[in-house]
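Enquirer: Here you go, one structure.
Derivation of every value follows stated rules applied to the coordinates shown; laboratory data play no part. Note that the structure is a prediction, hence the values are computed from the model and not measured. Cβ sites come from the backbone with ideal geometry, for glycine too, and all protein chains shown count toward neighbours.
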Amino acid sequence: MQDQDQRGFDHGEIEPRWQREWEEAGTFHIPDDADDPTYVLGMFPYTSGELHMGHVRNYTITDAYARYRKLQGDEVLHPIGWDSFGLPAENAAIERDTNPRDWTLSCIETMREQMQAMGFGYDWEREIATCDPEYFRWNQWLFQQFHDAGLVHREASEVNWCPDCETVLADEQVEGDDEHCWRCGTPVETRELDQWFWGITEYADELADDLEELDGWPDNVRQMQENWIGRQPGARLEFQVSDNGPVEVFTTRIDTIYGATFFALAPGHAISQALAEEDDEIRHFVEEEADPEGDEPNGVRTDLTATNPATGEEIPVFVADFVLSDVGTGALMGVPGHDDRDHAFASDQGVDIVPVVAPSPEEVPDVSEAAYTDDGVLVNSGDYSGTESAAAREELTRDIASATDHVQYRLRDWGISRQRYWGTPIPVVECPDCGPVMVPDEELPVELPEFVQTTGNPLDEATEWKRTTCPDCGGDAERETDTMDTFVDSSWYFLRYVSPDDADAPFDVERANEWMPVDQYVGGIEHAVMHLLYSRFVTKAIADMELLEHREPFENLVTQGMVLADGEKMSKSKGNGVSPLAIVDEFGADTARLFTMQAARPPRDFDWSETGVQSANGFLQRFHETVEMFRESPPEGDEDAIAAYVAREVDATIAAARESYDDLTFTEALRETRDLVGLLRQYREYTDPHAETFERGLSVAVRLLAPVTPHIAEELWSTLGHDGFVAEASFPEPAGDVSDAERERQLVENTREDVRNIVDVAGIEDPEQVTIVVAPAWKHRALDIAIESDAPNVIGELMQDEEIRAKGDEAASYGQDLQNERQSLTSALAPDRELAVLEQATWLVEREFGAEVSVVPASEADESVAKKAAPNRPAIRID
RNA sequence: GCGGGAGUGGCCGAGUUUGGCCAAAGGCGGCGGACUUAAGAUCCGCUCACUCAGGUGUUCGUGGGUUCGAAUCCCUCCUCCCGCACCA
């Protein structure tokens with residue numbers, strides 16, 4: 001009972017009621033004929049079955065922004081869906097003796113309810129789920145399209161294999177120095193498997209180049225993608241290796257070729273393998289000793305030699321473990337004088353170290369102890385000596401017969417095959433005669449067979465399902481039993497929202513062209529490379545299939561920080577999680593939303609705190625109470641100076657809040673709004689407020705809060721007597737010009753500060769009368785003249801003004817003050833404005849000191865006080 | 001090693017783009033007061049130091065520099081976080 005009283009409002013009643021009302025009114029539905037709506041999107045959740053605080057934060061950010069844009073008059077597309085394929089559902093199904101589909105659908109039910117309880121304003125009519133055949137058939141369709149465009153290939157390759165998930169992983173899905181699975185943390189092994197690949201490397205250059213233009217993205221994400229793509233311009237060239245003919249190497253430093261004094265092969269290189277067959281020492285090294293993970297460069301010398309194509313010299317050939325099969329060509333030229341690692345190796349093996357690049361021709365570096373790795377001028381390099389590194393690279397690439405420009409990338413093609421059940425079947429039929437054949441369009445979707453528990457690949461066990469006929473020759477054939485990486489599902493889902501029910505195409509092309517790209521995308525940093533890179537690639541590939549006019553999917557990106565508990569990541573395993581449901585239950589969704597939004601700007605981490613939640617809730621209580629009191633006993637005060645002050649503050653708050661919502665910081669908007677509510681309460685406590693002014697303040701505060709705390713805002717909006725939803729209202733506009741608002745606030749604040757200082761420093765016990773004296777007009781004019789003037793001494797200039805000159809000594813003295821502060825002068829409000837602003841603020845001083853306060857122009861004040869008044873700084877007399 | 005980000009008062013955290021009322025918002029914590037039987041909640045004030053009329057001094061990782069003026073611009077160094085890395 002008492003709880004209820006204290007609470008002031010019953011969130012348990014209010015929140016579901018408004019959620020129902022929005023739903024019934026279709027408030028957040030956006031029609032298909034909407035004209036280029038603002039597209040606001042949060043990364044759709046994986047269907048784990050429960051919402052966690054990270055979700056709450058993510059989706060509150062998008063919801064608040066979407067609601068804000070709506071208040072600004074935009075049409076807003078704010079959809080949600082479910083990333084609902086994936087291994088955890090298989091595990092969960094096995095644990096619970098059900099199947100992944102039923103499990104996933106029940107997770108979706110639960111999560112949808114939780115989201116609705118949070119009051120997120122989604123267009124639920126556009127909801128999608130990737131495990132829906134009507135969705136994943138378009139994954140299959142894209143697979144075909146990509147295949148036709150030459151972007152799909154199959155090859156046997158060494159792949160990352162997670163023994164726990166029993167499936168392969170893309171390179172992007174292997175994390176950390178210890179190479180563990182991104183999903184379960186199990187150390188990854190390698191296996192040789194036939195895999196389907198999507199040709200993301202075809203787009204490597206464009207993916208790298210376009211990062212430059214993504215200035216709506218955070219720097220760190222762009223950087224991470226750049227690193228991942230790992231573009232290295234250099235050259236390929238051949239070395240003749242004895243008995244083996246030409247062997248190709250890649251180098252970024254062909255300018256150092258005259259210093260290439262050894263040649264090295266990866267243990268996995270064909271020549272190394274062949275040598276190992278015959279030579280015990282080499283076999284021992286390749287099979288036993290080689291340690292690509294180790295810090296020490298190890299190697300073994302072979303009997304072979306290679307011919308340095310620049311010098312013609314025969315140089316020794318090594319098999320070395322620091323040469324990696326999958327980097328470059330698996331062979332390299334060693335230049336110990338100019339590469340740290342080559343230097344270490346050469347020192348160890350007693351290979352010659354020759355300097356061929358120098359800071360200048362006169363100062364050839366001593367490379368016996370350490371390599372010189374900078375660019376410079378070539379030395380000891382035959383005809384090229386004296387040439388700058390950059391120019392030498394061009395010339396040498398041109399002059400050496402086998403050399404060609406070559407750009408190397410770290411990025412590899414995207415292996416999308418997964419040996420799991422709960423994913424999109426790869427739409428291929430394996431025909432003994434025709435090989436792999438695409439399933440024709442009209443047979444899509446290839447649906448999943450019934451789930452059976454097995455070790456190994458579940459689809460491989462589905463013998464009935466597997467058996468089919470070849471689309472080409474009609475003979476007996478088998479279906480491909482791998483499914484697609486679930487990142488395929490999420491690589492284009494943002495397009496599906498445009499036309500979620502389209503049965504003829506993945507998306508409506510015309511509408512997508514109009515609605516895309518996503519204007520504001522919000523999600524976790526963990527997808528900086530994987531999801532965001534795949535989505536960019538797929539978007540570009542689709543664009544090249546002339547299905548889309550946009551080449552980038554996400555115009556602006558915010559990566560949200562983590563929600564921490566006691567400085568640590570919230571997680572089940574640490575047992576420090578805070579359940580959103582429990583918070584909603586105890587305090588309501590609005591409180592949870594308000595707290596997460598005011599705690600920190602979206603990109604930063606923040607610590608969950610109980611006091612923070614309570615203070616957010618406390619604020620909503622007070623706000624509610626303030627509105628209730630207004631309704632119950634409407635004030636009848638005058639439209640006096642105080643009302644004018646409050647009205648100005650309302651305007652200033654609107655301006656500040658708008659800015660904060662625009663740049664998605666939120667914290668500032670919420671702080672300003674809190675301050676405004678606090679001011680209104682002070683106003684009411686101090687005097688009987690002017691009803692209209694007070695009402696406007698309340699209605700502004702309600703609208704400023706509406707994006708973040710929508711339920712209580714609706715409630716109060718209707719309490720204030722407005723028809724319709726606040727969700728569909730207009731963002732408030734300042735009533736007056738707010739360009740001076742900051743300066744006015746400053747003047748009031750400074751003046752109050754000064755009064756405090758004087759009272760304090762002078763030790764005035766009980767001030768009775770505070771007189772604030774505003775500077776005369778001539779001082780304002782003098783200030784303006786001084787700011788404008790570039791004369792060496794401003795006094796002379798001032799004295800040309802008759803009225804100022806007439807002030808005599810006083811003018812000279814003020815002129816001297818101005819001269820002294822010449823460079824730091826800032827313009828002031830006009831004298832009458834200064835007077836008005838201060839008059840409007842007297843109540844604050846009266847309230848604070850219990851003294852009578854008057855604001856007077858200099859002409860009406862005692863001269864001894866008045867002469868101290870300056871623009872921006874009134875004189876103050878306290879008695 | 002390469003690249004990115006960051007170091008602000010007891011703590012968290014704005015301010016840095018566009019140098020100037022910046023001793024530096026706001027919150028938390030702490031202190032004092034009002035209200036209360038009390039606690040809580042709420043409200044008011046204080047919270048770098050010195051200072052009896054709005055003053056002064058020392059502060060924004062370190063050390064320099066530019067400027068009339070620097071938390072803000074430039075350089076050095078230190079520390080922390082993140083990504084990439086025996087990458088040819």
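Enquirer: Which three lengths, in whole Å and largest first, does segment A:137-261 cover when its Cα atoms are put on their principal axes?
Expert: The principal-axis extents, from largest down, are 54, 42, 37 Å.
Enquirer: Apply 1/(1 + (r/R0)^6) to the Cβ-Cβ distance of A:Arg231 and A:Gln682, taking R0 = 45 Å, and write down the FRET efficiency to the nearest 0.05.
Expert: After rounding, the FRET efficiency stands at 0.15.
Enquirer: Let me ask another. Calculate for chain A the 222 nm mean residue ellipticity that helices alone would give, adding -39,500 (n - 2.57) per DSSP H run of length 4 or more and normalising by residue count, nearest 500 deg cm²/dmol.
Expert: Helix contribution divided over all residues of chain A: -12500 deg cm²/dmol.
Enquirer: Here is a further query. Looking at chain A, how many pairs of lysines come closer than 24 Å at the Cα, when each pair is eight or more places apart or spans two chains?
Expert: Close lysine pairs under the 24 Å cut-off: 5.
Enquirer: Using θ = phi - 60° and the Karplus relation 6.51 cos²θ - 1.76 cosθ + 1.60, list the HN-Hα couplings for segment A:348-353 in order, rounded to whole Hz, with x at every Gly or Pro.
Expert: Here the 3J(HN,Hα) series is 5, 9, x, 8, 4, 10 Hz.
Enquirer: Here is a further query. Give me the one-decimal nm value for the distance between modelled label points at A:Asp460 and A:Asp74, 7 Å along each residue's Cα-to-Cβ direction.
Expert: Spacing of the two 7 Å Cα→Cβ label points: 4.9 nm.
Enquirer: Separation of segment A:290-349 and segment A:408-439 by C-alpha centroid, Å?
Expert: Each part's Cα centre sits 37 Å from the other's.
Enquirer: So what does the Cα-only Debye profile of segment A:1-115 read at q = 0.14, 0.15 Å⁻¹, as log10 I(q)/I(0), no solvent term?
Expert: Result of the Debye calculation: -0.78, -0.86.
Enquirer: Another question, if that's okay. What whole-number distance in Å separates the alpha-carbon centres of segment A:674-743 and segment A:765-804?
Expert: Between the Cα centres of segment A:674-743 and segment A:765-804 lies a distance of 38 Å.
Enquirer: May I ask you to compute the full-extension gain from A:Ala505 to A:Glu765, defined as 0.36 nm times their residue separation minus their alpha-carbon distance, rounded to one decimal in nm?
Expert: 85.6 nm
Enquirer: Over 44 Å apart: what share of the alpha carbon pairs of chain A falls there, rounded to a whole percent?
Expert: 51
Enquirer: Run the numbers on segment A:232-408 and let me know its relative contact order in percent, using alpha-carbon pairs under 8 Å that are six or more apart.
Expert: Reported as a whole number, the value is 27 percent.
Enquirer: Once label points are set 7 Å from the Cα along Cα→Cβ at both A:Asp784 and A:Glu810, what is their separation, rounded to one decimal in nm?
Expert: 1.9
Enquirer: What FRET efficiency comes out for A:Gln223 versus A:Met629 if R0 is 51 angstrom and r is the Cβ-Cβ distance? Round to the nearest 0.05.
Expert: 0.45
Enquirer: Find the eigenvalues of the gyration tensor of the Cα atoms of segment A:394-545, then list the square roots of 5 times those eigenvalues as equivalent ellipsoid semi-axes, largest first, in whole angstrom.
Expert: Listed largest to smallest, the semi-axes of segment A:394-545 are 33, 26, 18 Å.
Enquirer: Need one number for segment A:206-322: average projected area of the convex hull over its C-alpha atoms, nm².
Expert: In nm², the orientation-averaged hull projection of segment A:206-322 is 9.5.
Enquirer: Could I get the Rg over Rh figure for segment A:571-638? Both from C-alpha atoms, Rh via Kirkwood, rounded to two places.
Expert: 1.16
Enquirer: What would the Debye equation give as log₁₀ I(q)/I(0) for segment A:266-393 at q = 0.09 Å⁻¹, counting only Cα atoms as equal point scatterers?
Expert: Each listed q corresponds, in turn, to -0.29.
Enquirer: Treating the Cα atoms of segment A:755-879 as identical point scatterers in vacuum, please give the log10 of the normalised Debye intensity I(q)/I(0) at q = 0.19 Å⁻¹, two decimals.
Expert: Calculated log10 I(q)/I(0) at the listed q: -1.01.
Enquirer: Estimate the FRET efficiency between A:Asp210 and A:Ile525 by the formula 1/(1 + (r/R0)^6), using the beta-carbon distance for r and 22 Å for R0, to the nearest 0.05.
Expert: Taking R0 as 22 Å, the efficiency between A:Asp210 and A:Ile525 is 0.65.
Enquirer: Moving on. May I ask you to compute the full-extension gain from A:Glu109 to A:Glu296, defined as 0.36 nm times their residue separation minus their alpha-carbon distance, rounded to one decimal in nm?
Expert: In short, 61.8 nm is gained.
Enquirer: For the pair A:Ser615 and A:Asp737, how long in nm is the line joining their label points, each one 7 Å along Cα→Cβ?
Expert: Here the answer is 3.8 nm between the modelled labels.
Enquirer: Hey, what did segment A:609-713 get for relative contact order, percent, Cα under 8 Å, at least 6 apart?
Expert: For segment A:609-713, the relative contact order is 33 percent.
Enquirer: Follow-up question, since we're still on this one. Taking segment A:829-879 as the region of interest, what is the percent of Cα-Cα pairs per 10 angstrom bin, listed from the shortest bin to the one with the maximum distance?
Expert: Result, from short to long distances: 24, 56, 20 percent.
Enquirer: Here is a follow-up. Once the mean 1/r over all distinct Cα pairs of segment A:402-472 is inverted, what Kirkwood radius in angstroms do you read off?
Expert: 15.1
Enquirer: Also: What length, rounded to one decimal in nm, is gained on full extension from A:Ala691 through to A:Asp279, with 0.36 nm per residue of separation minus their alpha-carbon distance?
Expert: 138.5 nm
Enquirer: May I have the pair-distance distribution P(r) for segment A:728-814, computed from all Cα-Cα distances with 10 Å bins from 0 and rounded to whole percent?
Expert: 13, 27, 26, 24, 8, 3, 0
Enquirer: Which value, to two decimals, describes the C-alpha radius of gyration of segment A:470-566 once divided by 2.2 N^0.38 Å?
Expert: Dividing the Cα radius of gyration by 2.2 N^0.38 Å gives 1.39.
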